[in-house]
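Engineer: Take this structure, written in structure tokens, and hold onto it; I'll ask about it next.
The values are calculated or read from the model by the stated rules, or taken from the named source; none is laboratory data. Here the structure is a predicted model, which is why all the values come from computation and not from measurement. Don't worry about glycine lacking a Cβ; one is built from the backbone with ideal geometry, like all the others, and counts go over all protein chains shown. Just so you know, the surface numbers come from the protein's heavy atoms only, side chains and all, with ligands and any DNA or RNA stripped out. Shrake-Rupley method; radii C 1.70, N 1.55, O 1.52, S 1.80 Å.
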Amino acid sequence: MRATAVAALGVALCAGCSRTPASPPETPAMTDAPKPAARVLTLPPASGQTKLLVVLLHGVGASADSFLPIARALAPAVPDAEFAVLEGLHPFDGATQGRQWFSLQGITEQNRPARVRQAGTEVSAWLDGALAQRGLGPERVVLLGFSQGAILAQWLALHRQPSPLAVVSLSGRLAEDAPAVPGSTSVPVLLVHGTRDPVIASRFSEEAAKELEARGAHVRLKLFPALAHGVDAAVLEEVQHFLADTLPPG
């Protein structure tokens, strides 16, 4: 991917990331919400045969369209996979456009896990339907998320049953309020973070690595000293290596 394309991609990925929406006094309801509709952009497998599904989850305030270049860059590395860029299931409540997985309005360290849990449950239900529609087993999925999408991907790494084949978290953090249960998962997880990230500090990925390992996940942590809150060619190369090392042949 050319440097100019990578730079443009970083801007698109970060749409909405640095915005702080006005915080109302009330926390959004966590139950009895209408079932959200899903918009998804897909790339067919290069081999012509779908043996697994790679699902990409964008950041807050962005869209499926902004994350599609990531799918295009990674698709050649997994020729037997269909790539699906799922759009945030809810409108972004911090601007007039963009999508989100969960609201940032009035968010705190205490209420974040519940919001992530609801969003994770919604996405997991979508995954069940998408895999069944393609005739794939419930474990034949790889998840890759950026920023808010990475928070969701980490939650799914711990809670989706059966576990995904692999999970990639780019500039994310773990939002979990349950105590660690050793051996509760064995999912391979790649955590990538820039140490110059002004939105989600890289220490959150370092902390997530310890928490995920405490639960049995096989974690690879990669920190990029020159990277802020975005994705560049070096990050994509790291993801490609991880997928090649982790995914079973055929």
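Engineer: Full extension from Glu213 to Glu237: what is 0.36 nm times the residue separation minus their Cα-Cα distance, to one decimal in nm? Present the calculation step by step, with values, prior to reporting the outcome.
Structural biologist: Values: separation 24, 0.36 × 24 = 8.64 nm, distance 2.35 nm.
Length gained between Glu213 and Glu237: 6.3 nm.
Engineer: Go through the stretch 152-157 residue by residue and turn each phi into a ³J(HN,Hα) via Karplus (6.51, -1.76, 1.60, θ = phi - 60°); whole Hz please, and just put x for glycine and proline.
Structural biologist: Values per residue, Gly and Pro as x: 5, 4, 5, 4, 5, 4 Hz.
Engineer: Moving on. Starting at the first residue of the stretch 180-193, write each ³J(HN,Hα) from the Karplus equation 6.51 cos²θ - 1.76 cosθ + 1.60 with θ = phi - 60°, in whole Hz, x for Gly and Pro.
Structural biologist: After applying 6.51 cos²θ - 1.76 cosθ + 1.60, I find 5, 10, x, x, 6, 8, 9, 5, x, 10, 9, 10, 10, 8 Hz.
Engineer: Hey, another quick one. Could you report the stretch 181-250's accessible area per residue, 1.4 Å probe, as an integer in Å²?
Structural biologist: Details: 3350 Å² over 70 residues.
Here the residues of the stretch 181-250 average 48 Å² of exposed surface.
Engineer: Efficiency by 1/(1 + (r/R0)^6): what FRET value for Arg39 and Ala180, r their Cβ-Cβ distance, R0 = 51 Å, to the nearest 0.05? Walk me through the numbers before you get to the answer.
Structural biologist: Values: r = 35 Å, r/R0 = 0.69.
For R0 = 51 Å, the calculated efficiency reads 0.90.
Engineer: Can you work out the FRET efficiency for the pair Asp80 and Gln110, with r the C-beta to C-beta distance and R0 = 30 Å, to the nearest 0.05? The partial results should precede the final answer.
Structural biologist: On the way: r = 43 Å, r/R0 = 1.42.
With a Förster radius of 30 Å, E is 0.10.
Engineer: In addition: Amide H neighbours of Leu89 under 5 Å, at least 5 residues apart or on other chains, H built in the peptide plane: list them.
Structural biologist: Distant-sequence amide H within range of Leu89: Gln100.
Engineer: Which percent of the accessible heavy-atom area of the stretch 25-166 goes to carbon and sulfur, probe 1.4 angstrom? The partial results should precede the final answer.
Structural biologist: Working: 3010 of 5650 Å².
Carbon-and-sulfur percentage of accessible area, whole number: 53.
Engineer: From the phi of every residue in the stretch 78-85, what ³J(HN,Hα) in whole Hz does the Karplus formula 6.51 cos²θ - 1.76 cosθ + 1.60 yield, where θ is phi - 60° and glycine or proline is x?
Structural biologist: Calculated HN-Hα couplings, in order: 10, x, 8, 10, 8, 9, 10, 9 Hz.
Engineer: Give me the extension gain from Arg196 to Arg220: residue separation times 0.36 nm, minus the current Cα-Cα distance, reported in nm with one decimal. All intermediate terms of the calculation are to be shown ahead of the outcome.
Structural biologist: Values: separation 24, 0.36 × 24 = 8.64 nm, distance 1.94 nm.
Using 0.36 nm per residue and subtracting the Cα-Cα distance, I get 6.7 nm.
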